[in-house]
Amino acid sequence: MAVEWELGNTTGLVTALTRVPVDVLLMDVELGRGDNGLDATHAAVTRWPNLDVIVLSGSLDPQMPLLAAERGAIGFLAKDTPIAEMIAAIREIASRRRRRRRRSPQDSLRLSLREHQVLAEIRRGHTNREIAATLGVSITTVNKHVQRVLKKLNVRNRAQAAAGLPDAQG
């Protein structure tokens, strides 16, 4: 693992990613001068769909991990996470990236908009019946979306998906 570059704001992000592409980008939510890390995350994963972004934040807002996921982040770390845990999380994401490269292209697809919506509802603690009512679809459809979310996130259950935890059995 190596740090390839560091920026204090989003101004040079496109240039940095173009000149020296990285596998995992650590993005702060608050970058100063009105820069928004969540918007920058969305822009980056839109332009580079294979880029994995981990959002860092000191925010106490319990919705922040959900907001980060909705903008395309693959992970979220609180700034007060111990360094050893941060490094382990970054390594795990890089490891998942290597495993995805060995799988079929379909396995490495990011979540669809509907799958993001279902994941957001899972993180709110809603049941499949409640998700179906919220999204205006059948419970059977929600069941299928939940299964796809679990598979794409490589997790075994809803709790792991909600927490953003990878399947330890890999």
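How big is the dipole moment of the chain about its Cα centre under a simple scheme where the beta carbon of each Lys and Arg is +1, that of each Asp and Glu is -1, and everything else is neutral? Debye, nearest 20, please.
On the way: 25 positive and 18 negative charges, 207 e Å.
It works out to roughly 1000 debye.
Counting DSSP beta bridges in the chain, what percent are antiparallel, to the nearest 5? Show your work: numbers first, answer last.
On the way: 1 of 10 bridges.
Of those bridges, close to 10 percent are antiparallel.
Tell me the angle of helix 83-102 to the major Cα principal axis of the chain, expressed in degrees between 0 and 90 and rounded to the nearest ten.
With rounding to tens, the tilt is 70 degrees.
Under a plain spin-label model, where a point goes 7 Å from the Cα along Cα-to-Cβ, how far apart in nm are LEU7 and ASN143?
If labels sit at LEU7 and ASN143, their model points lie 4.5 nm apart.
Which of the aspartates and glutamates could a cross-linker bridge to LYS79, judged by Cα under 17 Å and excluding same-chain residues fewer than eight apart?
Filter leaves GLU6, ASP28, GLU30, ASP61.
Going by alpha carbons, how many degrees (0 to 90, nearest 10) lie between the helix axis of 113-123 and the longest principal axis of the chain?
With rounding to tens, the tilt is 80 degrees.
Scan region 1-35 for GluC sites (Glu not before Pro) in coil per DSSP, keeping those whose Cβ has at most 10 other Cβ atoms within 10 Å, and list them by number.
Within region 1-35, the qualifying GluC sites (Glu not before Pro) (loop, at most 10 other Cβ atoms within 10 Å) are GLU6.
Give the residue from ILE90, LEU13, LEU56 lying farthest towards the positive end of the charge dipole for region 1-90; charges sit on Cβ (+1 for Lys and Arg, -1 for Asp and Glu) and the dipole is referred to the Cα centre.
LEU13
Could you work out the relative contact order of region 111-163, using alpha carbon pairs under 8 angstrom and six or more residues apart, expressed as a whole percent?
Working: 40 pairs, mean separation 22.1, N = 53.
That works out to 42 percent.
Around PHE76, which amide H atoms from residues at least 5 apart in sequence, or from another chain, sit under 5 Å from its own amide H, with H modelled in the peptide plane?
VAL55
The numbers here are math on the coordinates, done by the rules we state, and not lab data. On a predicted model such as this, the values are computed, not experimentally measured, just so you know. Ideal geometry is used to build each Cβ from the backbone, glycine not excepted, and the neighbour counts take in all protein chains shown.
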